[in-house]
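Notes for the one structure printed next.
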Amino acid sequence: METEKLYYADPFLTDFTATVLDCQPGKNGYLITLDRTAFYPEGGGQPADHGVLDGAAVTDVHEKNGVILHNVDRSVEIGKTVTGVIDWGRRFDHMQQHSGEHICSGLICERFHCDNVGFHMGADIVTIDFNADIPWEELLEIEAQANQYIYEDHPIDIQFHRGAELDAIDYRSKKPLEGDVRIVTFPGADCCACCGTHVLRSGQVGLVKFLSVQKFREGVRIELLCGKRALEYLSKTWEQAKAIGQRLSVKPVDSEAAVERLEGELANLKLRCAQLEESVFESMAKEQAGKGNVLLFQPAMRPDSVRRLMDAVSKTCGGLAAVFAGEEGHYAYALGRADGQDISPLVKAMNTALHGRGGGRNGFAQGSVEAERSAIESFFKENGYGICN
């Protein structure tokens, strides 16, 4: 016997009574069958309801051949009349996300003459996929249109249709359907075959907010939030904007300009640092002129700085220039010879002896080692390099 679906008759029903028809052990607790239920089973991209059934926690709900199975954490007596209570916060969130997605998808498909080819309602983000290229600027226009539709508080129409009656309806569907088909209509925005739970009026969606659009397969994937999720996201974003504004001593709406100013200042400082660094490296290279093989230890530097110091020294020392920058136990290195002589055997042996990684070619190598300074110095001496520090 198929389970009576109370969630279709009243999606706002939060508690109900029913008779237990069956209770069998499952993989994660027990599977209970009722004569009727308000618990929505996972389907159509919408997650299952959670809640409580006769004191037992309902952790999952799914449908099989018209029978709805409730996954609970303990057994319930067959034949018993039980009370079920829906986790309303979870259900209403799903209704807001699902209805908001319908409104947006309908408007997008109408404007861009495309198809909705994917829908996923995650715990945090909703994603919808379309087989068309949709620019962000035009997507924001859809967002404004969707929110206007929500503000107008349109009634939602949900009915089952079949046969010729169904054929006469222009509705969205990802696959051919037969028999009784549930058509969810948002007048003026969308008409779609759907098995999920929805709000009764568009105003109950609250609002929609698009977060991003990116290339996905042959079209795009859009991330969005609806209802309370969108409100919480915007509230959190605003608090972060206020905090950033306070640190920059500007109003939140002026944060972008302030950050651009800081980026310019940072770029100038980086250029100045590079110029000063270059001057220091030239002086160090002069100090090592004609000394042959040179081993230098420096405080931690960026990898490109380590290489530039090595390059400068290798051009003057007349031998191998080995620069190690970091602290005891971990050093970044750059090794090289101005004459291009192959140093790969040395680098390979060094990486093995000093727990290093890295390499190079044409008289140059760069990487890192996990070793103490004394171990590094010993390695070069033991391998026949008359190192001058």
Inset, instruction - Could you grab me the full set of residues in region 21-44 that are crowded, with 20+ Cβ neighbours inside 10 Å and under 22 Å from residue 173 (Cβ atoms)? - result: 40, 41
Legend entry - Unmet criterion (only one of (1) assigned to a helix (DSSP H, G or I); (2) farther than 22 Å from residue 146 by Cβ; (3) free of Cβ contacts under 8 Å to residues at least 12 places away in the same chain) for residue 262: (3)
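Quick one: would you say residue 61 is under 18 Å from residue 6 (Cβ atoms), crowded, with 17+ Cβ neighbours inside 10 Å, in the same structural domain as residue 31 (by TED's automatic domain parsing) and under 27 Å from the mean Cα position of the chain (by Cα)? Outline the logic, then answer.
On the way: under 18 Å from residue 6 (Cβ atoms): yes; crowded, with 17+ Cβ neighbours inside 10 Å: yes; in the same structural domain as residue 31 (by TED's automatic domain parsing): yes; under 27 Å from the mean Cα position of the chain (by Cα): yes.
Yes, satisfied.
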Legend entry - Cross-chain or 6+ apart pairs with Cβ under 6 Å, region 65-86 first and among the small types (Gly, Ala, Ser), then exposed (fewer than 13 other Cβ atoms within 10 Å of the Cβ) and not in a strand (DSSP E or B): 66/2
Legend entry - Residues satisfying the stated conditions in region 207-229, i.e. over 21 Å from residue 44 (Cβ atoms) and either outside the structural domain of residue 157 (by TED's automatic domain parsing) or not charged (D, E, K, R) (or both): 207, 210, 211, 212, 213, 214, 220
Inset, instruction - Collect the residues in region 88-101 that are touching a strand residue (DSSP E or B) at 6+ places or on another chain (Cβ under 7 Å) and within 12 Å of residue 45 (Cα to Cα), keeping them in residue-number order. - result: 94, 97, 98, 101
Legend entry - Subset of region 1-10 (residues that are closer than 22 Å to residue 88 by Cβ and surrounded by fewer than 20 Cβ atoms within 10 Å (Cβ to Cβ)): 4, 5, 6, 8, 9, 10
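Take residues that are in contact (Cβ under 8 Å) with a residue 40 or more places away in the chain and farther than 23 Å from residue 123 by Cα and tell me which of the strands (runs of 3 or more DSSP E) falling wholly in region 141-230 contain 1 or more.
Details: elements: 157-161, 181-186, 190-193, 208-216, 219-226.
In region 141-230, 157-161, 181-186, 190-193, 219-226 are the strands (runs of 3 or more DSSP E) which contain 1 or more residues that are in contact (Cβ under 8 Å) with a residue 40 or more places away in the chain and farther than 23 Å from residue 123 by Cα.
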Inset, instruction - Report, by residue number, each residue of region 111-122 that is modelled with pLDDT of 95 or more and among the aliphatic types (A, V, I, L, M). - result: 121
Legend entry - Which listed residue is over 32 Å from the mean Cα position of the chain (by Cα) and of a type in the set (A, V, I, L, M), from 262, 248, 276, 234: 276
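Just to be sure, is residue 178 out of contact with any strand residue (DSSP E or B) (no Cβ under 9 Å at 6 or more places or on another chain) and exposed (fewer than 11 other Cβ atoms within 10 Å of the Cβ)?
Working: out of contact with any strand residue (DSSP E or B) (no Cβ under 9 Å at 6 or more places or on another chain): yes; exposed (fewer than 11 other Cβ atoms within 10 Å of the Cβ): yes.
In short, yes.
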Legend entry - Number of positions in region 131-155 that are touching a Phe, Trp or Tyr at 6+ places or on another chain (Cβ under 7 Å) and more than 14 Å from residue 207 (Cα to Cα): 3
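Which residues, counting only those in region 331-357, are of a type in the set (A, V, I, L, M, F, W, C) and either in contact with a Gly (Cβ under 7 Å, 6 or more places away or on another chain) or under 20 Å from residue 313 (Cα atoms) (or both)? Talk me through it step by step, then tell me what you get.
Of the residues in region 331-357, the ones of a type in the set (A, V, I, L, M, F, W, C) are 332, 334-335, 338, 343, 346-347, 349-350, 353-354.
Answer for region 331-357, where residues must be of a type in the set (A, V, I, L, M, F, W, C) and either in contact with a Gly (Cβ under 7 Å, 6 or more places away or on another chain) or under 20 Å from residue 313 (Cα atoms) (or both): 332, 334, 335, 338, 343, 346, 347, 350.
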Legend entry - 1 or more residues out of contact with any helix residue (DSSP H, G or I) (no Cβ under 6 Å at 6 or more places or on another chain) and acidic (Asp, Glu): qualifying strands (runs of 3 or more DSSP E) within region 1-82: 15-26, 56-64
Inset, instruction - State which residue pairs qualify: first residue surrounded by 13 or more Cβ atoms within 10 Å (Cβ to Cβ) and at pLDDT 90 or above and inside region 338-351, second residue of a type in the set (A, V, I, L, M) and in a helix (DSSP H, G or I) in any location, beta carbons under 9 Å apart, and separation of 6 or more residues or different chains. - result: 350/376
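Going by the structure shown, is residue 36 within 30 Å of residue 225 (Cα to Cα), of a type outside the set (Phe, Trp, Tyr) and at pLDDT 95 or above? It would help to see each step written out before you state the result.
Details: within 30 Å of residue 225 (Cα to Cα): no; of a type outside the set (Phe, Trp, Tyr): yes; at pLDDT 95 or above: yes.
Spelling it out, it is not the case that residue 36 is within 30 Å of residue 225 (Cα to Cα), of a type outside the set (Phe, Trp, Tyr) and at pLDDT 95 or above.
The values are calculated or read from the model by the stated rules, or taken from the named source; none is laboratory data. None of these values were measured; they are calculated from a predicted model. All Cβ positions, even for glycine, are placed from backbone atoms using ideal geometry, and neighbour counts span all protein chains on display.
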